[in-house]
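Working notes, structure below.
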Amino acid sequence: MADISQQLKEQVLQARDSGHKLNIVGGGTKAFMGREADVDAGTLNVGEHTGIVDYHPVELVLTVRAGTPLSEIEATLAEEGQCLHFEPPHFGAASTIGGTLACNLSGPGRPWAGSVRDQVLGIRLLNGKGEHLRFGGQVMKNVAGYDVSRLQAGALGTLGVITEISMKVMPKPAASLTLVQEMGMDEVIHYMNSRAAEPKPITAACWVDGKVYLRLAGAKSGVEATAEKWSGEVMEQGDEFWRQVQDMQHEFFAGNDVPLWRFSVGSTAATPKLEGTWFIDWAGSQRWFRGAGELKDMEPAARAAGGQVSLFRGGDRTAEVMHHQPEALKGIQRRIKNAFDPDNIFNPGRLYSWL
Amino acid sequence: MTTKPKVSKAELAEQFRAFIDPDYVITDDETMKPYECDGMSMYCEMPLLVVLPETVEQVQRVMRICNENAVPVVARGAGTGLSAGAMPNKEGVVLSLAKFNRIIDIDPLARTARLQPGVRNLAISEDAAQFGLYYGPDPSSQIACTIGGNVAENSGGVHCLKYGLTVHNILSVEMVTAEGDVVNVGSDGLDSCGMDLLALMTGSEGLLGVVTEVKVKLLPKPEVAQVVMAGFDDVQKGGDAVGGIISHGIIPGGLEMMDGHAIIAADDFAQAGYPRDAKALLLCEVDGTEEEVHEHIAEAEEVFRKLGATSVRTSQSEEERALLWKGRKSAFPAVGRISPDYYCMDGTIPRRHIAYVLTEMEKMSEEFGLRVANVFHAGDGNLHPLILFDANVPGEFERTEAFGSRILEMCVEVGGCITGEHGVGVEKIRQMAVQFNDEELQQFHDVKAAFDPAGILNPGKGVPALRFCQEYRSLEHKQHTHEHTEAAHG
């Protein structure tokens, strides 16, 4: 538990003066994401900037330093019967909250509980000029100034060093239960979306290996009454199954030989016809694909499904790994980068080759 | 910042009339008059002219012409905003999106709706009702306000704690940039690659682009909703009860609080049967499946009784639920009946400070000689103090503004912020200097320049010029330091 923000600031100023670049590292468990890090850049270690700054369970608000491990945060919340509702994936014990926001990672409950980006209320950010700035707040609603806090979600640290995050936390559901049944991949899209359109306490829906899994959570009576009405067997190890999905420990994700692609698409879109295997999560909105190929081969399929694709793990990480951006958006993003990090210090080339 | 426009009003109108129906390029004062202000009618300005394009291509051409000629552009929806965000610029164009009023389609299976920006908020839910769906955010102006304006302000409503703000309920926007390009931000997926420009656009008050289409998420309509009303003889107890419900693990669909003045005004207006002697009233709505609501309502009643409620009443029918809400929903017009004018503030605070803030506000009320009634989105800490005044009494509005400023500064002091849902606009631009320091404000200006290099989109709103901030902070009564962290009083 330490506040090393002053030290981080000095390192940024030093890099700026000497013209060096910095790769931002928290727990180091997400090094596989994004494009390959610049080998000539120095390391800015945020992993020691840890500790819970403020937590008031009745406010449902937590403020925490960015290097704090997820496990530490979750243990503190659990003592009060609360949780990080967006179910952040742990890629190792060292996974931090800062990295989770920078990579915009959320677990199976995301379509219902919201994403990490949705829960963020405010941040502190060290920009490329070494200014330690504060945006947003510690309250549920704050529309003063631009939403710089949520802008960071998915920016992979290219706009600055997130040093502190205030976020909404939620009560743990009183009860949960998982229903499982066999179903074909073509049929399951309609099924999951139909279930999601019912006013029932559904909180996760995925499909893998010919089986569909639906999670119900909330007040015990509501969960049980819904389970009786819906088809499917109650799964004994339901919570463990979702934990594996959340942390990408399910066997679908195992091994590094075959690239792992992430399609973020319309929930009802037909699954693209590609050579490989699929894991459908978020009731159809997030589809994981394992198969060989290049980004340019995947993009038309993602576009046809109303969304975008990224090369999540493996494959060629010297090429682009994120969906191609149209020129007008490239221009805006370059200028935003320049607005936060005019000397291009942070995570050069990590998000796009051109940023 | 904008420079002096390079064209005359007549030249500009002529250029627009070449591609927009001449009847919808408005240049005469009489027809332009309704555009001089938004819902914040104390702030008025006549524009150079008003245009009402009807295609995206026309919007692009308007933007290109204005960008080339350094003419300010103020985009406008229904004009219901409460921070003068849509107040015209006297050297600029008001770009009304009123003709973009079509619901393009609703996809019941995907639970999405594609909308033109001028579609009214309530019209979305009315149309989606045939599929058992609705649109979550429900600002109190929802009969009139438009989805484009909701995106610009990141509008909330009474159901935010459970269902989120606009930013949580939209998938994508199509927008025209200051330079006249059409870009799509977001997608049909729940997130897109790279930095989250959709979040940045939401709540940007028309300073970053003109939204020409919005795709929203729809929610299944809950099976049941019931409301528990609880009266308290003390504000502190009412505030504690809010925390009590939430610590109990219940997230209400809506959780509203009114103070003694608001209770009486609202009850006089709506005859809702509120406990008129109460000092604080809570309305706690629980929604979900029948079983879940049954379970949570019983728990909520018990929590309120335990925490000292002097009266507890639960709606037993839809009619009764509507009646209990009627008082709250008509609180603004109800207060309007007891005063010639009222000024609605919009600060947010950590909920635990509610009793402190209301007590301090009472003291200020005496000091300024102005009455104040409070309605409070208690679930998410969003306070709407209504300052009662008479605009016909010389100096009273100025005193009201000064009182309002003090309230917003107090919100920041206790760890809250100057606006929860109404936006900064013109109205709260000075208080931005209380919530943010110069480096932070400069960062906002730099973000703006990334979208709008010439500074033509809604100039002078949202983010103050730094030189004004120094003046504001140096005023004698603003001597408290730029304190971001927890309240000094604990």
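The values are calculated or read from the model by the stated rules, or taken from the named source; none is laboratory data. For clarity, every value in this text was computed on a predicted model and none was experimentally measured. In this analysis, Cβ positions are derived from the backbone assuming ideal geometry, glycine residues included, and neighbour counts consider all displayed protein chains.
Details
- In the range B:1-91, counting only helices (runs of 4 or more DSSP H) that sit wholly within it, the ones holding 3 or more residues that are more than 23 Å from the chain's Cα centre (by Cα) and surrounded by 22 or more Cβ atoms within 10 Å (Cβ to Cβ) span B:56-68.
- Filtered residues of the range A:306-355 (kept if among the charged types (D, E, K, R) and farther than 21 Å from residue A:37 by Cβ): A:327, A:330, A:335
- Tabulated pairs, the range B:426-442, first in a loop (DSSP other than H, G, I, E, B), second surrounded by 21 or more Cβ atoms within 10 Å (Cβ to Cβ) and of a type in the set (A, V, I, L, M, F, W, C), C-beta under 6 angstrom, 6+ apart or interchain: B:426/B:84; B:426/B:87; B:427/B:40; B:427/B:84; B:428/B:418; B:431/B:408; B:431/B:418
- Where helices (runs of 4 or more DSSP H) sit wholly within the range B:286-371, those with at least 2 residues that are free of Cβ contacts under 8 Å to residues at least 40 places away in the same chain and charged (D, E, K, R) occupy B:290-306, B:318-329, B:354-368.
- Members of the range B:141-156 found to be within 14 Å of chain A (Cβ to nearest Cβ) and either assigned to a helix (DSSP H, G or I) or surrounded by fewer than 22 Cβ atoms within 10 Å (Cβ to Cβ) (or both), listed by number: B:149, B:150, B:151, B:152, B:153
- When the range B:124-140 is filtered for residues that are at pLDDT 95 or above and part of a loop (DSSP other than H, G, I, E, B), the ones remaining, listed by number, are B:132, B:135, B:136, B:137.
- Flag if residue A:207 is assigned to a strand (DSSP E or B), at pLDDT 95 or above and either touching a helix residue (DSSP H, G or I) at 6+ places or on another chain (Cβ under 8 Å) or away from every other protein chain (no Cβ under 13 Å) (or both): yes
- Qualifying residue in the range A:298-312 (condition: assigned to a loop (DSSP other than H, G, I, E, B), within 22 Å of the chain's Cα centre (by Cα) and not hydrophobic (A, V, I, L, M, F, W, C)): yes
- Test for residue B:190: is it within 29 Å of residue B:445 (Cβ to Cβ), out of contact with any His (no Cβ under 7 Å at 6 or more places or on another chain), at the interface with chain A (Cβ under 10 Å from one of its Cβ atoms) and free of Cβ contacts under 8 Å to residues at least 40 places away in the same chain: no
- Residue selection: residue A:199 fails the criterion of being touching a strand residue (DSSP E or B) at 6+ places or on another chain (Cβ under 7 Å), at the interface with chain B (Cβ under 7 Å from one of its Cβ atoms) and touching a residue at least 12 places away in the same chain (Cβ under 8 Å).
- Tallying residues that are more than 7 Å from every other protein chain (Cβ to nearest Cβ) and in contact with a His (Cβ under 8 Å, 6 or more places away or on another chain) within the range A:114-167 yields 5.
- Residue check for residue A:346: closer than 20 Å to residue A:106 by Cα and among the hydrophobic types (A, V, I, L, M, F, W, C): no
- Any chance residue A:271 is more than 14 Å from chain B (Cβ to nearest Cβ) and part of a loop (DSSP other than H, G, I, E, B): no
- Positions within the range A:231-259 being on the phi < 0 side of the Ramachandran plot and in contact with a Leu (Cβ under 8 Å, 6 or more places away or on another chain), in sequence order: A:231, A:233, A:234, A:235, A:238, A:253, A:259
- Matching option when the condition is modelled with pLDDT of 95 or more and more than 14 Å from chain A (Cβ to nearest Cβ), among B:293, B:235, B:228: B:228
- The residues of the range B:99-131 that are among the small types (Gly, Ala, Ser) and surrounded by fewer than 17 Cβ atoms within 10 Å (Cβ to Cβ) amount to a single one, B:129.
- Count of the range B:252-275 residues, restricted to those that are within 14 Å of chain A (Cβ to nearest Cβ) and surrounded by fewer than 19 Cβ atoms within 10 Å (Cβ to Cβ), is 0.
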